[in-house]
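Student: Below you will find the structure I want to go over with you.
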Amino acid sequence: MNESPLTDVDHLASLVSGGGPRTLEVRSPLDGSLLGSVPVVSPDGVRQAVHDARTAQAAWAATPMVRRCAIASRFRDLVLDNVEPLLTLVHRENGKSRINAFEELMDTALTSGYYSVSAARHLAPHRRQGAIPLLTRTIEFHQPKGVVGIISPWNYPLTLAVSDAIPALLAGNAVVLKPDSQTPFTALAALDLLIQAGLPRGVMQIVTGPGSELGTPLIDSVDYLMFTGSGRTGRGVAAHCAQRLIGSSMELGGKNPMLVLADADLDRAIEGGVQACFSTTGQLCVSIERIYVHQSLYDQFCARFADRVSRIRLGTEAGWEPDLGPLISQDQIDKVSHHVEDARSKGAAILAGGRARPDLGPLFYEPTVLTGVTEDMDLARDETFGPVVAVYPVASDAEAVERANDTEYGLNASVWSASHPHAFTVARRLRAGTVNINEGYAAAWASHDAPMGGMGESGLGRRHGAEGILKYTEPQSIAIQRLALIGPPGGVSRSAYARVMILAGRVLHRSVAHVGSLLSRP
Ligand code: NAD
């Protein structure tokens, strides 16, 4: 595939830092065809990439903020200028439909645009309350961590590779990224565009190869680790980071609920549900996998939802027609098939889909809707991460909230109601990092100024907003003490000093708190 430098896999493979005798073949999930190969970087190669990134970081951190932001802004423009080759690459490498690839591409552009205009504000030094009012002037600064390691998955190969790198770079860090072995070329295309945008060479490095081989040397040598992937891998990565006393951010899985309240607009809820459950063929961390419908709407919802789902168009074509592409791998087909067959054999009803579609391609599976799912079925609690959703009736808001919260995860949730105050009251009772009202996931995800991430087993830390950039920094407080030292002044007895300080401690902090609360009122 050599139509543009961004789809020229030999050019892209040349951007990998370090090499080795072994290579890794990348095949398209559309038809199994070979797209190209990337080197398997050795552990020494990973250490060298981190070393080189560290060397480049010093000059990068000294680059004026305005220049760093201009690069992020140019990167956004380049993404938008290169929609065609990027869509082609994501489609071929990940298999997702063009419309789903487009959503990802826009997300990448919008996140870069957001941080290009907000990074300076988030990172600006700001005054903090000093030890002694008027005499102590205290300012909080943010220093870059140094070299940030990023380990990213295959499901959103563009946005999850680069959208977490942009704030890390803008904060003055260098980045070493290890993309998933199934989708390295998309990450390399993003690096190509960052270099075109003016990012000095060496500031961002990409190493390719199995996570089980590259993970250890990467975590052993970076100063912070941003991980997106499964809970199983994430736990090991987090433990390794903790052992080294470096910070980490874990964006993990979910079993996300959607609540259709008694006063929901059914047309909107059905259309929104289709998008929320099946976008990128359900291989989306914030995908809905459980729908709780008020019993007064349940029968109608099930019939109409199943009918709509059965009309979803699957296909391998590169054009805009197909709604969904295939799954990414045989492992994904196996997991989805197991969840559906296990549920079917234990008595669940399948209202739509329920089978693989080898006639369309080796990795196609129909969007599937089930009812009658019980606790003994694997899909009741385990993340499927595929095009499968279970629908349940509930008698009240209280039952919907209780069942939605009955999970070890807490990533995303969705609430549907014609009344915003009603939906809002329900949303506030949900244990999920993002809650979308009358939307499935996109409203909260694309609110790039607001934190996004998971509670419980869905992860640690947040991306987007101030949290998504400050985590890549070390806060530093610098306090200037004027006039007197903190301690008993000469000529004053220690006991007299203590009495004055006790009085000051009562009065000053109370009045400062009072002034603070007045100032912080919305
Ligand atoms: P995975 O954990 O298998 O792989 C993710 C990344 O980790 C890959 O780059 C992989 O090479 C690497 N890796 C594998 N073993 C490693 C090791 N021992 N040390 C270091 N790195 C290692 O995840 P996956 O199955 O590819 O991705 C799907 C999962 O990711 C789902 O659970 C999904 O919910 C989750 N996810 C979460 C978010 C989020 O933002 N919360 C986004 C996308 C995907």
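The values are calculated or read from the model by the stated rules, or taken from the named source; none is laboratory data. In this text, all values refer to a predicted model and were calculated from it rather than measured experimentally. Cβ placement follows ideal geometry from the backbone for every residue including glycine, while neighbour counts extend to all protein chains displayed. Remember, those area values only see protein heavy atoms, side chains included, never the ligands or the DNA or RNA. Shrake-Rupley method; radii C 1.70, N 1.55, O 1.52, S 1.80 Å.
Student: Does the stretch 288-303 hold any residues that are closer than 20 Å to residue 443 by Cβ and aliphatic (A, V, I, L, M), and which are they?
Tutor: Within the stretch 288-303, 288, 291 qualify.
Student: Further, regarding this structure: Restricting to the stretch 308-351, count the residues that are assigned to a loop (DSSP other than H, G, I, E, B) and within 29 Å of residue 102 (Cβ to Cβ).
Tutor: Count: 17.
Student: While we're looking at this one, here's another question. Is it the case that the stretch 225-246 has a residue that's open to solvent by 20 Å² or more (accessible area, probe 1.4 Å), over 20 Å from residue 282 (Cα atoms) and part of a strand (DSSP E or B)?
Tutor: no
Student: Then there's this: When you scan the stretch 58-170 for strands (runs of 3 or more DSSP E) that lie fully inside it, which ones turn up with 3 or more residues that are open to solvent by 10 Å² or more (accessible area, probe 1.4 Å), within 25 Å of residue 225 (Cβ to Cβ) and in contact (Cβ under 8 Å) with a residue 24 or more places away in the chain?
Tutor: Once the strands (runs of 3 or more DSSP E) in the stretch 58-170 are filtered for at least 3 residues that are open to solvent by 10 Å² or more (accessible area, probe 1.4 Å), within 25 Å of residue 225 (Cβ to Cβ) and in contact (Cβ under 8 Å) with a residue 24 or more places away in the chain, what remains is 136-144.
Student: Can you pull out the residues in the stretch 381-400 that are open to solvent by less than 10 Å² (accessible area, probe 1.4 Å), small (Gly, Ala, Ser) and either over 29 Å from the mean Cα position of the chain (by Cα) or within 14 Å of residue 339 (Cβ to Cβ) (or both)?
Tutor: Matches in the stretch 381-400: 386, 390.
Student: Determine, yes or no, whether residue 216 is within 11 Å of the ligand (Cβ to nearest atom) and either crowded, with 16+ Cβ neighbours inside 10 Å or under 19 Å from the mean Cα position of the chain (by Cα) (or both).
Tutor: It is false that residue 216 is within 11 Å of the ligand (Cβ to nearest atom) and either crowded, with 16+ Cβ neighbours inside 10 Å or under 19 Å from the mean Cα position of the chain (by Cα) (or both).
Student: Would you check if residue 46 is farther than 28 Å from residue 219 by Cβ and in a helix (DSSP H, G or I)?
Tutor: no
Student: Give me a count of the residues in the stretch 409-440 that are open to solvent by 20 Å² or more (accessible area, probe 1.4 Å), within 27 Å of residue 117 (Cβ to Cβ) and away from the ligand (no atom under 11 Å from the Cβ).
Tutor: Adding up the residues that qualify gives 3.
Student: Go through 494, 429 for me and flag whichever is more than 21 Å from the chain's Cα centre (by Cα), over 30 Å from residue 284 (Cβ atoms) and of a type in the set (Lys, Arg).
Tutor: After ruling out the rest, the residue left standing is 494.
Student: Within the stretch 410-435, count every residue that is in a strand (DSSP E or B) and touching a residue at least 40 places away in the same chain (Cβ under 8 Å).
Tutor: 6
Student: Kindly list, by first and then second residue, each pair from a residue in the stretch 336-351 that is closer than 20 Å to residue 274 by Cβ to a residue that is open to solvent by 50 Å² or more (accessible area, probe 1.4 Å) and basic (Lys, Arg), limited to pairs with Cβ atoms under 7 Å and residues at least 6 apart or on different chains.
Tutor: Once the first residue is closer than 20 Å to residue 274 by Cβ and sits in the stretch 336-351, its partners that are open to solvent by 50 Å² or more (accessible area, probe 1.4 Å) and basic (Lys, Arg) give 350/344.
Student: Sticking with this structure for a sec: Do we have residue 41 as open to solvent by less than 40 Å² (accessible area, probe 1.4 Å), β-branched (Val, Ile, Thr) and closer than 20 Å to residue 203 by Cβ here?
Tutor: Yes, satisfied.
Student: Tell me the residue from 208, 280 that is open to solvent by less than 10 Å² (accessible area, probe 1.4 Å), farther than 30 Å from residue 42 by Cα and within 12 Å of the ligand (Cβ to nearest atom), please.
Tutor: On inspection, the qualifying residue turns out to be 280.
Student: Which ones in the stretch 448-494 are within 16 Å of the ligand (Cβ to nearest atom) and within 18 Å of residue 113 (Cα to Cα)?
Tutor: Passing the criteria: 448, 450, 451, 452, 463, 464, 465, 467, 468.
Student: Follow-up question, since we're still on this one. Would you say residue 318 is in contact with a helix residue (DSSP H, G or I) (Cβ under 7 Å, 6 or more places away or on another chain), open to solvent by 30 Å² or more (accessible area, probe 1.4 Å) and small (Gly, Ala, Ser)?
Tutor: yes
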